[in-house]
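Notes for the one structure printed next.
Laboratory data are not the source of any read-out in this text; all were calculated from the coordinates shown. The structure displayed is predicted, hence computed values, not measured ones. Cβ sites come from the backbone with ideal geometry, for glycine too, and all protein chains shown count toward neighbours.
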Amino acid sequence: MSLVKKLLVSAVALAAFGASAQAQTYPSKSVRIVVPFGAGSITDNLARIIADKLGPMWKQQVVVENRPGLPGTTSVAKADKDGYTLMLTSNGHTVARTINKNAQFDPVADFAGITRVVETPFTMIVPPGSPAKTLKDLIDMAKKDPGKYNFSTPGVASSTFLVSQSFAQAAGIKLVHVPFKSVPEAVTAVLRGDVAFYFAPITDAQAQTAGGKVRSLAVSAPKRLKQIPNVPTIAEAGLKGWSGNGWFGMMAPAGTPKAVIAKVNADVTSILKSKDVVERIEKLGSLPAPMTPAAFDGLIKSDAAKYAKMMANAGIGSK
């Protein structure tokens with residue numbers, strides 16, 4: 001073996017040893033979980049549930065840092081690749097570059113998936129006075145008058161926006177998007193009758209439906225939800241073969257040692273299986289759904305491609 005080859009082999013071995021040693025001592029200081037959404041959002045709540053458990057488990061402080069928007073995600077992409085800066089975000093992350101060509105990160109290449117944390121189904125709610133008594137009614141109305149009916153969301157990169165666009169394309173209908181800055185504003189638009197529908201988080205839909213302020217037509221999940229068993233799935237209600245859950249997951253900067261990624265994955269997965277955490281997550285209207293780092297990387301990549309194509313079909317591109 002030549003001297004150069006020996007040096008290369010030694011360098012690789014030292015790097016592997018260093019990464020392994022780092023994983024064995026990780027974490028040896030406080031860890032940040034960046035949330036690119038505001039306090040009180042479902043993303044923020046999920047991050048705090050996990051942080052509350054990781055702190056005692058790791059015997060280190062685990063801090064949730066709210067940095068809404070692209071700056072928060074950019075800060076993670078550019079952070080040290082040592083596992084001390086993590087991020088919890090939604091599947092809207094996958095379309096950041098599609099929506100804004102000036103985003104200073106690549107949603108796929110610049111991040112290492114740790115685990116999907118939850119899947120989140122949505123409930124289609126309509127104003128109480130809506131002529132659409134069923135999902136089929138709404139689809140028929142939209143087909144009869146293309147572009148007449150609209151829907152609300154808390155923003156173009158939100159999970160509910162992606163679900164709404166996916167639904168519209170699968171149903172073959174043309175709708176108008178009305179973006180708001182938050183979930184409460186998107187719900188209020190339905191209460192006022194300003195929009196035809198909104199794919200609301202389960203908890204919001206339950207609260208408003210119970211008070212008679214809206215009607216729930218269908219859920220985006222592949223099967224009925226135990227929280228609202230009387231509400232049919234989209235597939236049952238008129239659009240066979242379609243479902244559209246959102247997801248929230250944990251990531252790290254690309255290049256973070258695989259051994260560190262594996263440890264965080266194992267610890268977060270164990271947390272997501274604990275009874276009290278499952279109960280807290282279900283109260284948020286979500287379902288624990290951990291997966292391996294490799295599987296989550298695959299999901300991020302496939303969703304980025306799927307949603308980019310979907311948004312191109314809708315005429316939505318980078319600005």
In order over segment 189-200: 3J(HN,Hα) from phi, Karplus 6.51/-1.76/1.60, θ = phi - 60°, whole Hz, x for each Gly or Pro, gives 4, 6, 4, 7, x, 6, 10, 6, 6, 8, 7, 8
Neighbour-limited loop hits for trypsin sites (Lys or Arg not before Pro), segment 83-149 (at most 16 other Cβ within 10 Å; DSSP other than H, G, I, E, B) = K101, K133, K148
Amide H neighbours of Q227 under 5 Å, at least 5 residues apart or on other chains, H built in the peptide plane: list them.
-> none
In terms of modelled amide H atoms, which long-range or inter-chain residues lie less than 5 Å from the amide H of Y149?
-> V176
Expressed as a whole-number percentage, the relative contact order of the chain with C-alpha contacts under 8 angstrom and at least six residues apart is 26
For segment 154-164, in residue order, the Karplus 3J(HN,Hα) values (coefficients 6.51, -1.76, 1.60; θ = phi - 60°; whole Hz; Gly and Pro = x) are x, x, 4, 8, 7, 4, 5, 5, 5, 5, 5
With label points built 7 Å along Cα→Cβ from the Cα atoms of E65 and V278, find their separation and express it in nm.
-> 3.4
With only helices counted (DSSP H, runs n ≥ 4, each -39500 (n - 2.57)), the per-residue ellipticity at 222 nm for the chain, to the nearest 500, works out to -14000 deg cm²/dmol
In nm², the average projected area of the convex hull spanned by the Cα atoms of segment 122-237 is 6.2
Which residues' amide hydrogens lie under 5 Å from the amide hydrogen of T115, considering only partners 5 or more residues apart or on another chain, with H built in the peptide plane?
-> M250
Residue by residue through segment 37-46, which ³J(HN,Hα) values in whole Hz follow from phi under the Karplus form 6.51 cos²θ - 1.76 cosθ + 1.60 (θ = phi - 60°), with glycine and proline marked x?
-> 9, x, 4, x, 6, 4, 4, 4, 4, 5
For segment 193-303, Kirkwood radius (reciprocal of mean inverse C-alpha pair distance, Å) | 16.5
If you take the alpha carbon radius of gyration of the chain and divide it by 2.2 N^0.38 Å, what ratio comes out, to two decimals?
-> 1.09
